[in-house]
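A.B. asks: Got a structure for you, questions after.
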C-alpha cells in the first residue's frame, strides 16, 4: 500500500463542474458525462465486502470497495449521483486496482455540496456493487443539530452484529469507529463453552494476507455491510487491529512477551491492511489522529492511543496495585499529538468538543485500590494530568469524551484527582458491538460467568460503584452502541443496548436511565 500511495496523485474531473476525484493510484481514464462502454472494465471479482464511505467534510468524502476473487490488474468504475436511481450522475471515473493493494478500490471526492445526501456505486464488466449513500458535513457557520453514532469492539466470534442491524435504521449524519474493528486474534469457536457463535476462518493473523482476510471475514456479516452502506464512517484504530495490548512506541517487542510473537513486520502488516481496508487516505505508519468540524456545534477530535505509546507500566496486569514506576514520565499520545490536541481545544469555537477516545480516561479501580488494568489513561498519569489540567486551566467547557475498548456502557464525570468534587469533562463509553464483557465472562474476573446469560452479581456492581464514585451509570452485561445528539443548547447521549448477541435479533432493552443530557456548561 505504501508503494502505491507514494505515487503522484491523480485528479479526475467529474461530470459536474467542480467535482474532483483524488485516487491513490494512477487512473487510466477520466470520463466525461456520457456513460462509456464497460468493455474495458475488469472481468472478474465480487463486491463481497459491500461499500463504505468515510471522513466526510462539507465538500468531500472518501469512497471504498474491494473485489474478492479478482484476477490481475484492471479498471473499476465509480459513479456518484444525487438519486438512488443514478439518473442524475454528478461524477464518474475509472480506478485502477490490483493484487498489490488486495484489489482495494478507493477515491476521495471534493467539490460536493455541504450537508447534502449522495449515492454511489462501483461497477465491473459484469456486476454492480450495492448502492451506498452518504451525507457531507455541515458548513462551518451552521447551527444545525449534529447526530452521530459511535461504536467499537466487534469480535466476530463471540456474538452477532445485531447492533449494526439496528444502527442502520437510525437517522445519523455519520458514525465513529473507536477501534478494535477487527481482532487479529480468534478467541472463540462456534458452539464452544466460551460462548462462540461463529468461527473466524482466518485464525490468528500476523501476515498482510491474513489481516486482509480478517476484514473480509468481518464484512461477511450483512448487518455490518448494511450499516456501512447507510452512513459515512470516521475511524481510528486500537490494539486488536494489530495485536492485543501492543504498545506502538515500545520498539521491537511491542511491550509484549516473546511468546506473543510481536514483530515490527507484523505491526506494519496490520497498519497496511487497515489503510487498505478503511475509507480513509494515508500511508501505513503515518499520522491518523485528526479533527473534523461539523458546523458550530461539534468539533470532533480522534486520537491515536496506540502508535506512540510506551509500554504499559507495572507489568501490565489485568488487575493490580499502582507500582512505583507508575508516575514516571511515559508517552501515551506523545508530545506532537498532545500539542495538536491541546491547541485544537484551546482554539476551537465549536460549542461541543468531542474527543474520540479508544481507552477510558475515567479511572477504573477495584475496592482496596487495585487498578483494573494499566492499558488506559490511568496507566499514563503524566499525560492524563497534562490534558485534564489544560482543560481546567484554560476554562475549556463542554468537553465530552466518547470511548470504546472496555466492552461496557459507562457514563460519568472526568475528575483530575480521585477526591475532586467537580469534573472537568464528561465521558460516555459506548459498550461493545459484540466483544465479551465483564458480565459474560470477560477476562475471568467473575468466576463461573455464563456467556449466554450475562449477569454481573449485584454485590460486585455495588463494590465497583463505591470505588468509582465518578461513574453515574454502567451496564457490564450487554452489548450495543451509542447515539449522540449535539445542538446549540445541549448534548445528549443514548446507550442502545441489545437484548442478546447470541442469536440474530433486533430486540433492544428500554433506554431508561441510560439516556443522558448535558446543558451547556454542565458535566456529569
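Computed from the coordinates by the stated procedures, all read-outs in this text should not be read as laboratory data. In this text the structure is predicted, and so the values were computed from the model without any measurement. Glycine gets a Cβ as well: all are built from the backbone with ideal geometry, and neighbour counts include every protein chain shown.
A.B. asks: Give me the percent relative contact order of the range 454-506, please, defined on Cα pairs under 8 angstrom at least 6 residues apart. Write down the numbers at each step before the final one.
C.D. replies: Numbers: 39 pairs, mean separation 14.7, N = 53.
Value for the range 454-506: 28 percent.
A.B. asks: In addition: Highest first, please rank the peptides 268-278, 151-161 by the mean number of other Cβ atoms sitting within 10 Å of their residues.
C.D. replies: On the way: 268-278: 23.7, 151-161: 26.7.
Per-residue mean Cβ counts within 10 Å order the peptides as 151-161, 268-278.
A.B. asks: Next question, about the same structure. Which order do the peptides 369-375, 503-509, 426-432, 279-285 come out in when sorted by mean C-beta neighbours inside 10 angstrom, highest first? It would help to have the intermediate numbers written out before the result.
C.D. replies: Working: 369-375: 20.0, 503-509: 13.1, 426-432: 27.9, 279-285: 18.4.
Per-residue mean Cβ counts within 10 Å order the peptides as 426-432, 369-375, 279-285, 503-509.
A.B. asks: How high is the relative contact order of the chain, in percent, counting Cα pairs under 8 Å that sit 6 or more residues apart?
C.D. replies: Numbers: 1387 pairs, mean separation 71.5, N = 524.
Rounded, it is 14 percent for the chain.
A.B. asks: Report the dimensions of the range 38-96 along its three principal axes from the alpha-carbon atoms, largest first, rounded to Å.
C.D. replies: Extents along the principal axes, in whole Å: 36, 24, 18.
A.B. asks: Calculate how steeply helix 335-347 sits against the longest principal axis of the alpha-carbon atoms of the chain, using the helix alpha-carbon long axis, and give the answer as 0 to 90 degrees to the nearest 10.
C.D. replies: 90 degrees
A.B. asks: Relative contact order for the range 181-327: what is it in percent, counting Cα pairs under 8 Å that are at least 6 residues apart?
C.D. replies: On the way: 190 pairs, mean separation 32.1, N = 147.
Contact order relative to length: 22 percent.
A.B. asks: Summarise the long-distance tail of P(r) for the range 320-365 by giving the % of C-alpha pairs beyond 14 Å. Please report the intermediate quantities before stating the final value.
C.D. replies: Values: 706 of 1035 pairs.
Percentage above 14 Å: 68.
A.B. asks: Can I ask one more? Grab every C-alpha pair in the range 262-366, bin the distances at 5 angstrom width from 0 up to the longest one, and report whole percents.
C.D. replies: 2, 10, 15, 19, 18, 15, 12, 6, 2, 0
A.B. asks: Under a plain spin-label model, where a point goes 7 Å from the Cα along Cα-to-Cβ, how far apart in nm are residue 492 and residue 392?
C.D. replies: 3.2 nm
A.B. asks: Here's something else I'd like to know. Within 10 Å, count the other beta carbons around each residue, average over each peptide in 458-471, 78-91, 100-113, and list them highest first.
C.D. replies: Details: 458-471: 14.2, 78-91: 17.7, 100-113: 22.0.
Per-residue Cβ counts within 10 Å, averaged per peptide and sorted highest first, yield 100-113, 78-91, 458-471.
A.B. asks: Also: Convex hull over the Cα atoms of the range 419-524, averaged projected area in nm²?
C.D. replies: Values: hull surface 31.4 nm².
Spelled out: convex hull of the Cα atoms, projected over all directions, averaged, 7.9 nm².
A.B. asks: Another question, then. Hey, what angle do you get for helix 264-277 against the long axis of the chain, alpha-carbon based, 0 to 90 degrees rounded to 10?
C.D. replies: Computed tilt is about 60 degrees.
A.B. asks: Need the C-alpha centroid separation for the range 366-392 versus the range 115-169, integer Å.
C.D. replies: 33 Å
A.B. asks: Place a point 7 Å from Cα of residue 117 in the direction of its Cβ. Which residues in the range 54-87 have their backbone N less than 12 Å from it?
C.D. replies: The answer is 82-85.
A.B. asks: Just for the chain, what percent of DSSP beta bridges are antiparallel, to the closest 5? All intermediate terms of the calculation are to be shown ahead of the outcome.
C.D. replies: Working: 74 of 96 bridges.
Taking every DSSP beta bridge within the chain, about 75 percent pair in antiparallel fashion.
A.B. asks: With just the Cα atoms defining each centre, how far is the range 414-476 from the range 229-294? Give it in Å.
C.D. replies: 26 Å
A.B. asks: I've got another one for you. Would you calculate the separation in nanometres between label points at residue 508 and residue 261, each defined as 7 Å from the Cα along the Cα-to-beta-carbon direction?
C.D. replies: According to this spin-label approximation, the distance is 4.1 nm.
A.B. asks: Between the helical axis of 381-393 and the dominant principal axis of the chain, each derived from Cα atoms, what acute angle in degrees is found, rounded to the nearest 10?
C.D. replies: 80 degrees
A.B. asks: Can you report the principal axis dimensions of the chain using only the alpha carbons, biggest first, rounded to whole angstrom?
C.D. replies: 71, 50, 45
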